[in-house]
Amino acid sequence: MISVTLPWPAKALWPNGRAVWQVKAQQVKLHRAWARNAVQGEHGARQWPQTGYRVTITAHPKPKGPAPDADNTVAACKAFFDGIADAMGVDDRTFTVALVVRGERRPHGAIVISIEAIE
């Protein structure tokens, strides 16, 4: 099982963010790298089996503002999924988001992504 804590996604990555494409592309690249480096830092650069994976997202919203709904959270985390898949050496199509949980609010917000193999 992999579990990584990542920063709150930038506004440009949310479906209602409406960012200019260049800004969104820059944020996607940055968030993908964060996720890849987090997995490699905690779990090393090893090869993972090409099976299915169950994904659980725990969203820890920022102190103020509305908490996001589940489908927007999944969409905002797409770059994170790509980075995790890069680090694991698997296709992100093997990921099935099984659960989105709202955690407690944190000063800057955070996303915790847990991935486990489906046997």
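The values are calculated or read from the model by the stated rules, or taken from the named source; none is laboratory data. In this text, all values refer to a predicted model and were calculated from it rather than measured experimentally. Positions of Cβ are generated from backbone atoms using ideal geometry, with glycine treated the same way; all protein chains shown enter the neighbour counts.
In segment 23-67, the residue that is nearest to the chain's Cα centre (by Cα) out of those that are closer than 14 Å to D82 by Cα and of a type in the set (K, R) is R32.
Can you tell me which residues in segment 85-119 are among the polar types (S, T, N, Q), farther than 16 Å from A59 by Cβ and within 13 Å of the chain's Cα centre (by Cα)? Answer for segment 85-119, where residues must be among the polar types (S, T, N, Q), farther than 16 Å from A59 by Cβ and within 13 Å of the chain's Cα centre (by Cα): just T96. Screening the candidates P49, P7, P66, P15 for the property of being at pLDDT 95 or above and surrounded by fewer than 20 Cβ atoms within 10 Å (Cβ to Cβ) yields one hit, P7. Taken as a whole, the condition of being in contact (Cβ under 8 Å) with a residue 40 or more places away in the chain, surrounded by 17 or more Cβ atoms within 10 Å (Cβ to Cβ) and among the hydrophobic types (A, V, I, L, M, F, W, C) does not apply to A85.
Limited to segment 88-108, what total is found for residues that are over 18 Å from D71 (Cβ atoms), surrounded by fewer than 17 Cβ atoms within 10 Å (Cβ to Cβ) and in contact (Cβ under 8 Å) with a residue 40 or more places away in the chain? Qualifying residue count for the region: 7.
Taking every residue in segment 59-75 that is farther than 20 Å from I115 by Cβ and among the acidic types (D, E) and pairing it with any residue that is exposed (fewer than 15 other Cβ atoms within 10 Å of the Cβ) and modelled with pLDDT of 95 or more, at least 6 positions away or on another chain, yields no pair with a Cβ-Cβ distance below 9 Å. Taking (1) buried (at least 18 other Cβ atoms within 10 Å of the Cβ); (2) over 17 Å from R32 (Cβ atoms) in turn, I115 satisfies each apart from (2). For V20, the conditions (1) farther than 15 Å from F80 by Cβ; (2) touching a residue at least 12 places away in the same chain (Cβ under 8 Å); (3) of a type in the set (A, V, I, L, M, F, W, C) all hold with the exception of (2).
All conditions in (1) out of contact with any Lys or Arg (no Cβ under 9 Å at 6 or more places or on another chain); (2) closer than 14 Å to R102 by Cα hold for W8, with the sole exception of (1).
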